[in-house]
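Coordinate-derived values only; no laboratory data. Quick caveat, the model's predicted, so the values are computed rather than measured. Positions of Cβ are generated from backbone atoms using ideal geometry, with glycine treated the same way; all protein chains shown enter the neighbour counts.
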Amino acid sequence: MVAAIEGLVWKARYKVEKYHGDLLTEQDRYGIEPYEVIEGEGNLLLNEGINELFVLLCGSGGTKFDNSNARLGVGNSNSAAVATQTGLLGGSTLFKAMEATYPLNGTDQKATFRSSFGSSEGNFAWEEWTVDNGAGANKNLNRKVTVLGTKVSGTTWVFTVEVSLS
């Protein structure tokens with residue numbers, strides 16, 4: 001008898017590139033090396049995000065995680081991630097829209113989200129992050145609790161999240 005194997009692996013990778021100055025676009029950052037890069041893996045899928053994926057998959061409504069809607073959010077809570085959470089928990093949070101052409105998707109079973117946080121944006125300790133599908137729908141796909149540093153005025157942080165299924 002042949003055993004059937006069912007399984008799906010969700011994987012998330014993230015990267016924060018930190019620059020001096022207000023460099024919001026890729027053109028602004030061209031040829032400039034970040035002063036620090038932080039990379040890591042992992043996150044927790046949230047129930048509301050999983051449900052939204054199924055709503056979209058089955059064509060019964062929902063709000064796409066596309067360039068018009070998707071956002072990366074950061075906050076300053078270090079409370080453990082729990083699947084029933086519906087967003088960031090920090091007293092300070094900020095959600096930013098995607099950079100032009102993001103999210104990237106359709107190859108290698110992954111989607112890549114990227115937002116830039118300019119000099120006056122998100123100036124607090126970054127201890128949690130999420131991907132959501134916009135201010136109107138506000139369905140959080142995932143949440144990760146990790147120390148990414150404390151952003152200060154005069155810096156731009158470019159945050160990239162890649163999620164994949166295999």
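Numbers below:
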read-out: Positive minus negative residues near residue 78 (Lys, Arg vs Asp, Glu; Cβ under 14 Å); value: 0
read-out: Violating pairs (Cα-Cα greater than 18 angstrom) within the set 110/151; 18/64; 64/96; value: 110/151; 18/64
read-out: Rounded tilt (10° steps) of 47-57 against the dominant C-alpha axis of the chain; value: 70
read-out: Estimated dipole of the chain in Debye, rounded to 20 [Cβ of Lys and Arg +1, of Asp and Glu -1, Cα centre]; value: 220
read-out: For the chain, convex hull of alpha carbons as volume per residue, Å³; value: 140
read-out: Listed residues 99, 121, 41, most fluctuating in the chain (Gaussian network, C-alpha, under 10 Å); value: 41
read-out: Stokes-Einstein diffusion coefficient of segment 69-164, Kirkwood radius over Cα pairs, 10 °C, 1.306 mPa s, in µm²/s; value: 117
read-out: Principal axis box of segment 55-94, alpha-carbon based, largest edge first, Å; value: 35, 23, 10
